[in-house]
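Shown next, in structure tokens, is the structure this report addresses.
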Amino acid sequence: AEVAVHAYTGEVRVRRMLGVMAMGRILNEKTARSQALGGMIWGLGAALTEEMARDPRTGHVVTRDLANYHVPAHADVPGDMQVVFLEER
């Protein structure tokens, strides 16, 4: 992944991303590519937007639902995402 960080705000943007995967025998390359891209987008969300906040007094998790959870949107996903499949027997 190639990322850029804004010098003043600290905002992180992913400019482009490449996934090279060994997925075994692929029967339908179009759907396999879609699954791979979905996994890459999920990874972006996990890396850049997920947060688990804890109460400093008790240590209990205070983010228990998806009400404040940011799901990656189209603007969060780089336009240049590539998937390469490694051939396997």
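Filter the chymotrypsin sites (Phe, Trp or Tyr not before Pro) in region 38-89 down to the DSSP loop ones having no more than 13 other Cβ atoms within 10 Å, then list what survives.
Hits after loop and neighbour filter: Tyr69.
As an exercise, identify the trypsin sites (Lys or Arg not before Pro) in region 2-76 lying in DSSP coil whose Cβ has no more than 13 other Cβ atoms within 10 Å.
The qualifying sites are Arg25, Arg57, Arg64.
Using a probe of 1.4 angstrom, how much of the accessible area of the chain is carbon and sulfur, in percent?
Taking all protein chains in place, the chain shows 53 percent carbon and sulfur surface.
So what's the gap between the Cα centers of region 1-50 and region 54-83, to the nearest angstrom?
15
Mean projection of the alpha-carbon convex hull of the chain over all orientations, in nm²?
8.6
Accessible area per residue for the chain in Å², computed with a 1.4 Å probe and the full protein assembly in place, what is it?
On a per-residue basis, 83 Å².
The values are calculated or read from the model by the stated rules, or taken from the named source; none is laboratory data. None of the values given here were measured: they were computed from a predicted structure. For neighbour counting, all protein chains shown are included, and Cβ atoms are generated from backbone atoms with ideal geometry for every residue, glycine included. The protein model used for the area step is the full one, side chains on, heavy atoms only, and it has no ligands, DNA or RNA in it. Shrake-Rupley method; radii C 1.70, N 1.55, O 1.52, S 1.80 Å.
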